[in-house]
Amino acid sequence: MRMLVIAPKKAGQYPGIICYSDIFQLTGPMIRACVRLAGYGYVTAAPEIYHRIEPPGSAIPFDDAGRTRGLDDAAQTPVAHFDQSRRAVLDYLSSHPQVGAGKLGSMGFCIGGHLSFRAAQEPDVRATVCYYPTGVHDGRLGQDKDAGTLARFSEIRGRLLLVFGTEDPHVPMEGRTLIDQKLKEAKVNYSVKLYPCEHAFMRDEGPRFDPEATDLAFADMIGLYREVFGPSYT
């Protein structure tokens, strides 16, 4: 499995964060997000989520054909494969010389937000951020008809932050309400931030990009990580 790994230049022990892309894999916007996060003092590891299907180094274009290709790749991937890949990345981060013991976190966008949600169910993941996670409310993820993510909320032991755009048709208000209800029932320590934006508002290419909301949502993530892991300056 090919991953983009970025670490602070200064020697030290930092939190390790698994970073999940949207359906287009490691595109420019995703790489820039990982670089930015690493610059705050985190070791970031972004896997190619379709590594069993796409050739290494495949970044899918942001066009109609690319969207179809990314969705088709997702539909061919069993949830068990996503889960196996996640454990491999977390184990890699745990052994990384610049990652401090017990300092694992996760973040992701779109389908990657859902994959990040599932990472939160790992016992060694202490802080998770999910940006507009698709499929959590209706079970849609990969090849499986129902990924069962909602039913596993009680397994989440760490902190969780959800960020949504209120104009996002992929995660409508009814879906956000269901997720909120199930998290409360499972007694998860979580928070939700809403921004008046469309889906993928943090992707800095295309008409849906909202730079102000992106900066605020990014600061939300850094705030959570610093509360959980402490200051992490380079």
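Applying the selection to segment 32-48, what residues are closer than 20 Å to Tyr132 by Cα and open to solvent by 10 Å² or more (accessible area, probe 1.4 Å)?
Arg32, Ala33, Arg36
Based on what the data block shows, is Ala74 in a loop (DSSP other than H, G, I, E, B), among the hydrophobic types (A, V, I, L, M, F, W, C), in contact (Cβ under 8 Å) with a residue 12 or more places away in the chain and farther than 30 Å from Gly230 by Cβ?
no
Have a look at Tyr195, Tyr225, Tyr190 and point out the one that is among the hydroxyl-bearing types (Ser, Thr, Tyr), over 29 Å from Asp63 (Cβ atoms), modelled with pLDDT of 95 or more and open to solvent by 20 Å² or more (accessible area, probe 1.4 Å). Steps first, answer last, please.
On the way: Tyr195 fails: over 29 Å from Asp63 (Cβ atoms); Tyr225 fails: open to solvent by 20 Å² or more (accessible area, probe 1.4 Å).
Sole residue among the options that is among the hydroxyl-bearing types (Ser, Thr, Tyr), over 29 Å from Asp63 (Cβ atoms), modelled with pLDDT of 95 or more and open to solvent by 20 Å² or more (accessible area, probe 1.4 Å): Tyr190.
Just one of Phe82, Phe62 is modelled with pLDDT of 95 or more, outside any helix (DSSP H, G or I) and either within 13 Å of the chain's Cα centre (by Cα) or surrounded by fewer than 24 Cβ atoms within 10 Å (Cβ to Cβ) (or both); which is it?
Phe62
Within segment 102-122, can you find the residues that are in contact (Cβ under 8 Å) with a residue 60 or more places away in the chain and either out of contact with any strand residue (DSSP E or B) (no Cβ under 6 Å at 6 or more places or on another chain) or surrounded by fewer than 24 Cβ atoms within 10 Å (Cβ to Cβ) (or both)? So that I can check it myself, show each step before the final result.
Step one: filter segment 102-122 for residues in contact (Cβ under 8 Å) with a residue 60 or more places away in the chain, giving 103-113, 115-116, 119.
Residues satisfying the conditions are Lys103, Cys110, Ile111.
To keep it simple, each residue is scored yes or no on (1) touching a strand residue (DSSP E or B) at 6+ places or on another chain (Cβ under 8 Å); (2) surrounded by fewer than 22 Cβ atoms within 10 Å (Cβ to Cβ); (3) closer than 26 Å to Tyr50 by Cβ.
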{"site": "Pro133", "(1), (2), (3)": "yes, no, yes"}
{"site": "Gly139", "(1), (2), (3)": "no, yes, yes"}
{"site": "Asp146", "(1), (2), (3)": "no, yes, yes"}
{"site": "Thr149", "(1), (2), (3)": "yes, no, yes"}
{"site": "Ser154", "(1), (2), (3)": "no, yes, no"}
{"site": "Arg159", "(1), (2), (3)": "yes, yes, no"}
{"site": "Lys184", "(1), (2), (3)": "no, yes, no"}
{"site": "Arg203", "(1), (2), (3)": "yes, no, yes"}
{"site": "Pro211", "(1), (2), (3)": "no, yes, no"}
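Go through segment 8-26 and give me each residue that's among the hydrophobic types (A, V, I, L, M, F, W, C), open to solvent by 10 Å² or more (accessible area, probe 1.4 Å) and touching a Gly at 6+ places or on another chain (Cβ under 9 Å). Outline the logic, then answer.
Restricting attention to segment 8-26, the residues satisfying the condition of being among the hydrophobic types (A, V, I, L, M, F, W, C) are 11, 17-19, 23-24, 26.
Restricting the remaining residues to those that are open to solvent by 10 Å² or more (accessible area, probe 1.4 Å) gives 11, 23-24, 26.
Residues satisfying the conditions are Ile23, Phe24, Leu26.
So which pairs qualify, if the first residue must be in segment 3-23 and touching a residue at least 24 places away in the same chain (Cβ under 8 Å), the second must be basic (Lys, Arg) and open to solvent by 30 Å² or more (accessible area, probe 1.4 Å), the Cβ gap must be under 9 Å, and the two must be at least 6 apart or on different chains?
Going by the 9 Å Cβ cut-off, the qualifying pairs are Gln13/Lys103; Tyr14/Lys103; Pro15/Lys103; Pro15/Arg126; Gly16/Lys103; Asp22/Arg203; Ile23/Arg67; Ile23/Arg69.
Between Pro56, Pro29, which is outside any helix (DSSP H, G or I), in contact (Cβ under 8 Å) with a residue 40 or more places away in the chain and open to solvent by 10 Å² or more (accessible area, probe 1.4 Å)?
Pro56
The values are calculated or read from the model by the stated rules, or taken from the named source; none is laboratory data. Since the structure is predicted, the reported quantities are computational estimates derived from the model, not experimental observations. Note: ideal-geometry Cβ built from the backbone for every residue, glycine included; neighbour counts use all protein chains shown. For the accessible areas, the whole protein counts, side chains as well, though only heavy atoms, and no ligand, DNA or RNA atoms are used. Shrake-Rupley method; radii C 1.70, N 1.55, O 1.52, S 1.80 Å.
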